[in-house]
Amino acid sequence: MRKYIVFLVCCILALLSNAQAKLTIANKGTPNATLVYDGKPMLKVGPLPEVAVFAVELGSSSFDVEQWLDWMARYGMGYGRVYPESSFNPWQGADSDKRVYPFDVVRWDEGRPIVDLTRFNRAYWDNFAKVVKACADRGIILHIQLYQRVFFELKSGNEMWKTNYFYPENNINGYPMTNLPTGGKARNGYWIWHAMATQPDWRRVHKNWVEHVLDAVGNNGNALIDLMNEANFKHNHMTREWIEYTLDIIEEWEERTGNDILVGMDFDHWYKRKDPGIEYVLAHPRMELIICEGAEGHVNKNLTAGDRKPLQEELAILYRQRYRKPIVSANSPTYWPDERREDGLNPKLSNNRVRQYQWESMMLKVQGVGVYAKTYPLDFGAAAVRRYASETQQLMDFFEGLDDYVALEISPEIIADAPAKYRRALQSPEEVVVYLHTDGFEKKVEAGKVLELCSLAMKAGPASIDIVHPGTGETARRKDIIRDGKLSVELPGFHEDVAVHIVSSTG
């Protein structure tokens, strides 16, 4: 009997532990909705090669997935945007050791795998599940996009649609190519979203695809679902029917398995194309997340991808207030970590942008921050990569050292004056966090400048102030007095950015 009781207690504790290690939302339905993982606020950034993590089996000599995951865990990284490959475009060469494909390959034709869309390759999906579990064991959250839009594109300079498994010449199934929802025809594969929602054969393929992704995630609790990378109604002919059908598939899986998985849809191209469908996507009651990209102004214009100007800055603040959902970001403003792109003379390709992007994201409660990782295998000993890892560890140490990130609310109005253009602030009655950075790169701010704070929610009285230099990790501590909701903090000289953490000492 004693052994039975001990066994029962162990089972209950295991179940409780498993239930805790899930991705959930605190303050749900409020402007301060915050992601929680494993009982703690989710504070995750990091790079993962998008398809390579699934394209080769664990133990491959071509790309050592676990070595990459160990490197991430060693420096406090814990997030990665990934997706199953719907194209055999050789981002991971066919000659790679232990290369696997999502569908069974029936034959090869002039270097192209010809597949059967009704037969899913068990080796690929078993490995997918092993990668998810390997990430869960290291506390890494996977931002899984069901499809990558560019794999369905056919235009000058990009013919990925011709290497897509769904392209008629690359499979044996002979399923019909249908017209666009407008009735017109398309050279590229954008017709397929309409077909997957309306045509029986394509509906089955899509359902099986989504269910294989979800089954591979299982009950690990360390993944969220992004329905599509860079879709929109106007340009890519995405349809509401496809979205609703996909959400139905996910809900049916949740009901069948008892698992719960958070869902959203990348809004970048809806916004970029000024597509009115963005309201439908962001306000959708069955999508619990807002998913942005580094390509638009969810932080600020100096930290966006490419050369195009954002239509509006600080979308993270606007959308959080309007839609009352937590926010994550699929990717960063530039490729990183990539030692071949480090160039101290060109800030657009320097680590500084990504460092500031990651800090700004956390300050705006963009809690999952995907970072581009286009170069792999990676030289982890390269100077640029070591610098990225060190600065990211400092970022994680800072935010994990806060008293209560969940309680902090975005409060830029408390900064009355500061010696920097970009001013971010979080506050609660117990603590305040401020992050400042200049409007350019390689800029210095002289010592003695003052940060003026007002309308603080903290009680009057003594406060402890920690000042951190994100680029170097240097810290300093001092004490001061909060009076009438105001506090003046004399800053040391800093290069590009500085962070300040204030905690009440009144007890």
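The values are calculated or read from the model by the stated rules, or taken from the named source; none is laboratory data. Just so it is clear, the structure is predicted and the values come from calculations on it, not from any experiment. Counting neighbours? That spans all protein chains shown, and the Cβs are built from the backbone with ideal geometry, glycine included. For accessibility, only protein heavy atoms count, side chains too; no ligands or nucleic acids. Shrake-Rupley method; radii C 1.70, N 1.55, O 1.52, S 1.80 Å.
Taking a ≥ b ≥ c as the square roots of the eigenvalues of the Cα gyration tensor of the chain, is the shape rounded (a/c under 1.5), prolate (a/b larger than b/c) or oblate? Taking the square roots of the gyration eigenvalues as a ≥ b ≥ c, the chain is prolate. Helix 65-74 and the longest principal axis of the Cα set of the chain meet at an angle near 10°. Secondary structure note: in the chain, about 70% of the DSSP beta bridges are antiparallel.
Remark: the range 236-248, residue by residue, has Karplus-estimated 3J(HN,Hα) of 9, 6, 4, 10, 4, 4, 5, 4, 5, 5, 5, 5, 4 Hz, where x stands for each Gly or Pro and the curve is 6.51 cos²θ - 1.76 cosθ + 1.60 at θ = phi - 60°. Going by a ≥ b ≥ c, the root eigenvalues of the Cα gyration tensor, does the range 197-236 fall in the rounded group (a/c under 1.5), the prolate group (a/b larger than b/c) or the oblate group? Oblate, because a/c is 1.5 or more while a/b does not exceed b/c. Ellipsoid fit via the Cα gyration tensor, the range 397-439: semi-axes of 20, 12, 7 Å, each the root of five times an eigenvalue, largest first. Which net charge results when you count Lys and Arg as +1 and Asp and Glu as -1 among the other residues whose beta-carbon is under 13 Å from that of THR34? Its environment carries a net charge of +4.
Put a plus charge on the Cβ of each Lys and Arg, a minus charge on the Cβ of each Asp and Glu, and nothing anywhere else: the dipole of the chain about its Cα centre is then about 400 debye. The trypsin sites (Lys or Arg not before Pro) of the range 349-421 meeting both criteria, a DSSP state outside H, G, I, E and B (loop) and at most 13 other C-beta atoms within 10 angstrom of the site's C-beta, are LYS421. So, with a 1.4 angstrom probe, what is the percent of accessible area on the chain that is carbon and sulfur? Carbon plus sulfur share of accessible area: 49 percent. Angle of helix 122-137 to the longest C-alpha principal axis of the chain, folded into 0 to 90 degrees and rounded to 10: 10°.
Between the listed residues PRO492, VAL53, ALA457, the Cα displaced farthest toward the positive end of the dipole of the chain, a dipole computed from Cβ unit charges relative to the Cα centre, is found at ALA457.
Seen through its C-alpha gyration tensor, with square-root eigenvalues sorted a ≥ b ≥ c, the range 155-246 comes out prolate because a/c lies at 1.5 or above while a/b is bigger than b/c.
Think of a 1.4 Å ball rolled over the protein heavy atoms: the chain then has 40 Å² of accessible area per residue. How big is D for the range 97-253, in µm² s⁻¹ as a whole number, if Stokes-Einstein is applied with the Kirkwood radius of its Cα pairs at 25 °C and 0.890 mPa s? Diffusion coefficient, whole number: 148 µm²/s. Between the beta carbons of LYS28 and ARG483, assuming R0 = 51 Å, the FRET efficiency works out to 0.90 to the nearest 0.05. Each Cα pair under 8 Å and six or more residues apart adds its sequence gap; the mean of these over the residue count of the chain is a relative contact order of 13 percent.
On a 0 to 90° scale, report how tilted helix 351-363 is relative to the longest principal axis of the chain, with both axes built from alpha carbons and the result rounded to the nearest 10. Tilt of helix 351-363: around 80 degrees.
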